[in-house]
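The values are calculated or read from the model by the stated rules, or taken from the named source; none is laboratory data. Computed from a prediction, not measured in an experiment: that's the story for all the values here. Glycine gets a Cβ as well: all are built from the backbone with ideal geometry, and neighbour counts include every protein chain shown. Just so you know, the surface numbers come from the protein's heavy atoms only, side chains and all, with ligands and any DNA or RNA stripped out. Shrake-Rupley method; radii C 1.70, N 1.55, O 1.52, S 1.80 Å.
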Amino acid sequence: MATHEVAAPARARRRRTVRQDMRREWSAYAFLSPGLILFTIFTLAALAFSFYLSFHSWSIIESYKPFVGMQNYKDALSDPDLGQAVINTGYFTIGSIPLTMAAGLIIALMLNQQIWGRAIFRAIFYLPVITPMVVSSIVWKFIYNGDYGILNYYLQNIGLVHHPISWLSDPNLAMPAVIIMSVWQNLGFAMVIYLAGLQSIPQSYYEAARVDGANSVQQLLRITIPLLAPTTLFLVVTSVIGSFQVFTQIYIMTNGGPVGRTNTIMYFIYQNAFQFFKMGYASALSVLLMLMLGVFTILQLRIYRPGSGGDL
Amino acid sequence: MASTGQMLSRAAASPHSASRAAHRRKPVSALGVVLLIIRYVILIAGAIVCLAPFAWMVSASFQHEGDIFSWPIHWIPKNPTIQNYTSFFGSGGHIGTWLFNSTLVAVVTTVLQLFLDSLMAYAFAKRRFPGRSWLFGLFLATLLVPGQMTTIPNYLILKHIPFFGGNNALGSGGHGWLDSYAGLIVPAVVSAFGIFLIRQFMVSIPDELLDAARVEGASEFRIFWSIVLPLCKPVLAANAIFTFGFFWNDFYWPLIVMSSPQHYTLSLGLALFVGAHQTAWTLLMAGSVIATIPVLIVFLIFQRYFVSGISMTGMK
């Protein structure tokens, strides 16, 4: 009872000081308000709306939008097309990330020294990264062309194949073709990140290793690669998140075909939302995608948290 | 991200330490020469693979339709023509508009995003107001959600913005902000990640500097604009280049929002052009060259910022 009597005025006093603080710092709220209003509408309300949609049968061409509970989620989990899209996305992820990162690391190691043309090489390898994805997809679609593509031209010239191959319309070759194009597009990014990582390794470690008689392979395996672990983790996490949302290449090069073999999760969501107008179902799919990415996004946030030791 | 400033300076600084230079001066062995040659062979081969698609794009864009379909192929056009470029600007008639739209959207979004993000970052970094930590936590929490989560609801929100695009006060009857520049720009001008990055940078600015200005009677906005923002140039520049590149290249959001050809961005226009002209490859290559040149110019001018920006904002 006694504590209560003491606490009540203290609480009131605290409330008063909060109000005083708010009045004194009014301009801070003024600084925040324009962005906060937009953030509230287009992020917070949008997210809440997204969950709301996922529990409704919501078509923009029908006015009746009933609550259906978990039905959209149940439908999704038994939808063979979604299963196929998850497999395709996994295939794309596992096919493209290790290749991209290995190529990026090798080039970064080669460029991490004072060699002639370093800046030029770096710019060349980085060029595909800044190229609009739409452009890269169109150009590679032309390269892969089954009748007159230059890939077929050179493969036939060196005698590897005897007939032109329809890369993008062959169910077994379409995804590898998309993967190769994506590796080409992204390896410059891995290279730049690895170069930054390499520059943060103190030279004294290598000097000490040399004094101890370690050769360059040992230095690579015992110093460079272990010390690049945070960089590698960063790349894995960002690449997985990126490749789970792969869309543009698919839209332009294959439209998800042939026979759904390159239909990825994002493309499937797009189709359901904006071609079939099943906004509720597509929202449920988005929520499922978010859950699938959950572990990676949490990791990503940890890497970025100040003082977590993550360097990038 | 322990120290953004430190990392930026590292990315910008010359990478060769004195010790490495000293190491280079040692006599080169025969094995060293062989390794150097192997290194160059791999690098040059890789560079050729990287550049070949661009070279073929440029080459084909100056060729006649018939020539690229006749084997052997010619990297140097046999009968060079600029017809693909002229017909691109002439017949479709929209590519000039698309270029303008892409520039407008990318520039306006970048400028607005930088301004609003910095304002909020300043409040979060340098002001002590009630609710600060949970508000900032709220922004950080939304980083957990992939960006695509908001596209479907935002499409519907834009459709129902009141008083726009034929909508009534309740937001129905028309198409709202869909198919408009506002629809493309407004939902994108606040970036939780941008706020986070800029705030991290601002935290390192000493408070004494701001207090001195306050004693002199400077307003908070004046302190923000004349003292804090100029000190944030590195993080703002890196962020600007990155945001510009992102919105110039963006395809998914324009695809969803825009529906009339005069509102397309270059990426969207080109992509839909592919659908309509499946086999007009030389024409498509000319369009691709046109879409690549602006980013190429920006890249060559700001290369340093690109590299530091990518290692800083790689997450987007």
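Things to note:
- Check on B:F129, in a loop (DSSP other than H, G, I, E, B) and open to solvent by less than 20 Å² (accessible area, probe 1.4 Å): yes
- Residue under evaluation A:R15, criteria (1) more than 8 Å from every other protein chain (Cβ to nearest Cβ); (2) surrounded by 13 or more Cβ atoms within 10 Å (Cβ to Cβ), criterion not met: (2)
- Yes/no for A:L36 being open to solvent by 40 Å² or more (accessible area, probe 1.4 Å) and closer than 30 Å to B:L114 by Cβ: yes
- Qualifying residue in segment B:41-58 (condition: without any contact (Cβ under 8 Å) to a residue 24 or more places away in the chain, of a type outside the set (G, A, S) and more than 22 Å from A:L127 (Cβ to Cβ)): no
- Under the condition of being within 26 Å of the chain's Cα centre (by Cα) and either more than 30 Å from B:V257 (Cβ to Cβ) or hydroxyl-bearing (S, T, Y) (or both), the residues counted in segment B:55-102 number 7.
- At least 1 residues being open to solvent by less than 10 Å² (accessible area, probe 1.4 Å) is the threshold, and among the helices (runs of 4 or more DSSP H) wholly inside segment A:162-251 those reaching it are A:174-199, A:229-243.
- Residue pairs whose Cβ atoms lie under 8 Å apart, sitting 6 or more positions apart in sequence or on different chains, and linking a residue in segment A:216-231 that is closer than 23 Å to B:L36 by Cβ to a partner that is open to solvent by 60 Å² or more (accessible area, probe 1.4 Å) and not aromatic (F, W, Y), are A:Q219/A:R210.
- All positions within segment B:160-175 that are touching a Phe, Trp or Tyr at 6+ places or on another chain (Cβ under 8 Å) and within 12 Å of chain A (Cβ to nearest Cβ): B:I161
- Matching residues, segment B:88-115, being small (G, A, S), more than 19 Å from B:W248 (Cα to Cα) and either surrounded by 15 or more Cβ atoms within 10 Å (Cβ to Cβ) or touching a Lys or Arg at 6+ places or on another chain (Cβ under 8 Å) (or both): B:G92
- Of everything in segment B:177-225 that is of a type in the set (V, I, T) and part of a loop (DSSP other than H, G, I, E, B), the residue that is nearest to the chain's Cα centre (by Cα) is B:V189.
- Residue that is modelled with the lowest pLDDT, among those in segment A:1-52 that are among the hydroxyl-bearing types (S, T, Y) and under 44 Å from the mean Cα position of the chain (by Cα): A:S27
- Qualifying residue in segment A:143-159 (condition: open to solvent by 60 Å² or more (accessible area, probe 1.4 Å), in a helix (DSSP H, G or I) and more than 10 Å from chain B (Cβ to nearest Cβ)): no
- There is no residue in segment A:273-294 that is out of contact with any helix residue (DSSP H, G or I) (no Cβ under 8 Å at 6 or more places or on another chain), touching a residue at least 12 places away in the same chain (Cβ under 8 Å) and closer than 30 Å to A:G149 by Cα.
- Segment A:292-310: number of residues that are within 7 Å of another protein chain (Cβ to nearest Cβ) and either modelled with pLDDT of 50 or more or surrounded by 17 or more Cβ atoms within 10 Å (Cβ to Cβ) (or both): 7
- Residue in segment B:135-146 that is surrounded by 17 or more Cβ atoms within 10 Å (Cβ to Cβ), within 19 Å of the chain's Cα centre (by Cα) and at the interface with chain A (Cβ under 8 Å from one of its Cβ atoms) present: yes
- Of all residues in segment B:285-305 being over 14 Å from B:I95 (Cβ atoms) and facing chain A (nearest Cβ under 7 Å), the one that is modelled with the highest pLDDT: B:V295
- Condition met for A:F92 (away from chain B (no Cβ under 13 Å), of a type in the set (F, W, Y) and closer than 30 Å to B:L255 by Cα): yes
- For segment B:228-269, a residue qualifies if it is in contact with a Gly (Cβ under 7 Å, 6 or more places away or on another chain), within 13 Å of another protein chain (Cβ to nearest Cβ) and at pLDDT below 90, and the qualifying residues are B:A238, B:I241, B:F242.
- Among (1) touching a residue at least 12 places away in the same chain (Cβ under 8 Å); (2) under 27 Å from B:L158 (Cα atoms); (3) of a type in the set (G, A, S); (4) open to solvent by less than 50 Å² (accessible area, probe 1.4 Å) - the single one A:A46 does not satisfy: (1)
- A:I87 being open to solvent by 80 Å² or more (accessible area, probe 1.4 Å), under 33 Å from the mean Cα position of the chain (by Cα) and touching a residue at least 12 places away in the same chain (Cβ under 8 Å): no
- Scanning segment B:50-74 for residues that are facing chain A (nearest Cβ under 10 Å) and modelled with pLDDT under 90 turns up B:I68, B:F69, B:S70, B:W71, B:P72, B:I73.
- Among the candidates B:A2, B:A45, residue that is at pLDDT below 70 and either in a helix (DSSP H, G or I) or aliphatic (A, V, I, L, M) (or both): B:A2
- Members of segment B:146-176 that are outside any loop (DSSP other than H, G, I, E, B) and of a type in the set (V, I, T): B:T150, B:T151, B:I152, B:I157
- Within segment B:49-64, the only residue that satisfies the criterion of being open to solvent by 60 Å² or more (accessible area, probe 1.4 Å), of a type in the set (A, V, I, L, M) and either under 22 Å from B:T279 (Cβ atoms) or touching a Leu at 6+ places or on another chain (Cβ under 6 Å) (or both) is B:V58.
- Single residue of segment A:104-127 satisfying the filter (over 18 Å from the mean Cα position of the chain (by Cα) and small (G, A, S)) that is surrounded by the most Cβ atoms within 10 Å (Cβ to Cβ): A:A108
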